[in-house]
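Presented below is the structure to which this report refers.
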Amino acid sequence: MNNSTYNDEENKFPLYEDFFDELTSEHTRISYRRDIKQFFDFMQDGFSNINTLADIEKRHVVKFRNFLYETGGRDGDPCSPKTICRKLAAISSYFNYLSERNIVKSNPTASIKRPRSEVVTPTNALNGEQVRALIDAIDQNKKSGKMHKALLLTFFTTGLRKQEILHLRRKDYTKLNGHHILKYRGKGGKRGQKILHPICVDALKEYLQWMKDQKREHIPEDWFFQPTKNPADPKNLNKPLNPKTINEILNNYAKKINLTFNICPHSARATFISELLEIGVDIYRVAQEVNHSSVKTTQEYDKRRRKLSDSPVYKLDY
């Protein structure tokens with residue numbers, strides 16, 4: 001079995017590449033590796049007498065969980081409940097893997113109490129007027145204008161995650177029973193499809209026509225959203241957008257319309273969810289639309305619960 005370790009000198013706690021290869025998402029592989037490495041660093045710094053994976057017990061994981069509660073986050077701040085749950089899930093998955101291969105006898109995280117996965121700092125969502133202003137701020141005469149408009153409308157009218165949009169291919173944009181749809185690969189490798197809003201369809205058509213005018217007409221396997229320039233290799237434009245580029249595009253237009261709060265790609269997803277709830281779409285349908293495994297996750301985006309004027313108390317009539 002191939003393995004690599006995070007510490008070539010000590011080699012106490014190996015990270016088996018087979019485990020990471022089984023994870024379908026590159027994002028998950030990166031975050032799980034980082035979380036497991038943090039746990040092993042914690043073990044090495046605090047328990048010098050523990051020399052093998054089989055020596056790790058429940059009490060060690062409990063101490064790590066408590067460390068996360070107190071100072072385990074960025075700059076020594078406490079981790080959010082959601083982050084703690086994610087880190088414990090990564091460790092638990094790894095020890096399940098180790099147990100299945102008889103490297104350890106049992107999973108030390110099996111019965112450890114985990115925090116309720118509450119959102120401490122909700123993602124900032126925009127309202128409809130702000131979304132329209134953001135789109136109107138795009139200069140259609142600029143070289144990147146058509147792509148930016150198509151990209152942002154895809155974000156705000158589908159609720160897809162950043163990685164789901166970045167990994168779209170030309171063949172994923174198609175028509176089915178009279179509807180324009182995007183086929184995508186979601187979390188865990190799940191396949192899904194999104195029916196597109198007419199304004200998004202129009203923007204995508206304009207973008208594809210612009211690509212054709214630039215002699216960059218797509219073939220089915222080409223990346224759907226491609227950069228308009230590549231300083232490092234000007235001839236190589238058939239590549240996915242850099243994830244950081246998405247943030248930069250959003251921040252640029254947010255400044256243009258003088259937004260007073262920070263936004264990120266997930267803000268578009270939060271906007272999509274909160275706007276559907278605002279217009280009265282059933283929360284279970286919204287959860288299904290955005291592939292939330294639990295409606296509790298969808299409830300975290302529900303801005304309506306903060307409106308005191310909507311309290312049922314006012315419906316009393318004694």
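Inclusion of Lys175 among residues that are among the charged types (D, E, K, R), modelled with pLDDT under 95 and in contact with a strand residue (DSSP E or B) (Cβ under 8 Å, 6 or more places away or on another chain) is warranted.
Candidates are the residues of segment 232-242 that are surrounded by fewer than 14 Cβ atoms within 10 Å (Cβ to Cβ) and among the polar types (S, T, N, Q); the one that is nearest to Leu153 (Cα to Cα) is Asn242. Looking only at residues in segment 261-274 that are buried (at least 17 other Cβ atoms within 10 Å of the Cβ) and of a type in the set (S, T, N, Q), the one that is nearest to Asn127 (Cα to Cα) is Thr271. The set of residues from segment 29-42 being among the β-branched types (Val, Ile, Thr) and crowded, with 17+ Cβ neighbours inside 10 Å comprises just one member, Ile36.
When you check Arg59 against the structure, is it among the basic types (Lys, Arg) and over 22 Å from Lys187 (Cβ atoms), yes or no? The answer is yes for Arg59.
For segment 56-74, a tally of residues being over 17 Å from Lys105 (Cβ atoms) and either surrounded by fewer than 13 Cβ atoms within 10 Å (Cβ to Cβ) or among the small types (Gly, Ala, Ser) (or both) returns 6. Taking the criterion of being part of a loop (DSSP other than H, G, I, E, B) and in contact with a Phe, Trp or Tyr (Cβ under 9 Å, 6 or more places away or on another chain), the residues of segment 162-184 that qualify are His167, Leu168. Of note, Leu53 satisfies the criterion of being surrounded by fewer than 19 Cβ atoms within 10 Å (Cβ to Cβ), farther than 28 Å from Leu166 by Cα and of a type in the set (A, V, I, L, M).
If you take the residues in segment 243-260 that are surrounded by 12 or more Cβ atoms within 10 Å (Cβ to Cβ) and more than 17 Å from Leu126 (Cα to Cα), which one is modelled with the lowest pLDDT? Ranking the qualifying residues of segment 243-260, first place goes to Pro243. You will find that of Asp45, Asp21, Asp8, the residue that is loosely packed, with under 13 Cβ neighbours inside 10 Å, modelled with pLDDT of 90 or more and more than 23 Å from Ile84 (Cα to Cα) is Asp21 and no other. For Asn291, the stated conditions do not hold, so it cannot be described as in the same structural domain as Asp136 (by TED's automatic domain parsing), surrounded by fewer than 18 Cβ atoms within 10 Å (Cβ to Cβ) and not in a helix (DSSP H, G or I). Among the numbered conditions (1) in contact with a helix residue (DSSP H, G or I) (Cβ under 8 Å, 6 or more places away or on another chain); (2) under 21 Å from Thr228 (Cβ atoms); (3) touching a residue at least 40 places away in the same chain (Cβ under 8 Å), the only one that Val131 does not meet is (2). Confirm whether Arg29 is under 23 Å from Lys190 (Cβ atoms), free of Cβ contacts under 8 Å to residues at least 24 places away in the same chain and of a type outside the set (A, V, I, L, M). When the stated conditions are applied, Arg29 passes them.
The values are calculated or read from the model by the stated rules, or taken from the named source; none is laboratory data. Everything numeric in this text was worked out from a predicted model, so none of it was measured. Cβ atoms come from the backbone with ideal geometry, glycine included; neighbour counts cover every protein chain shown.
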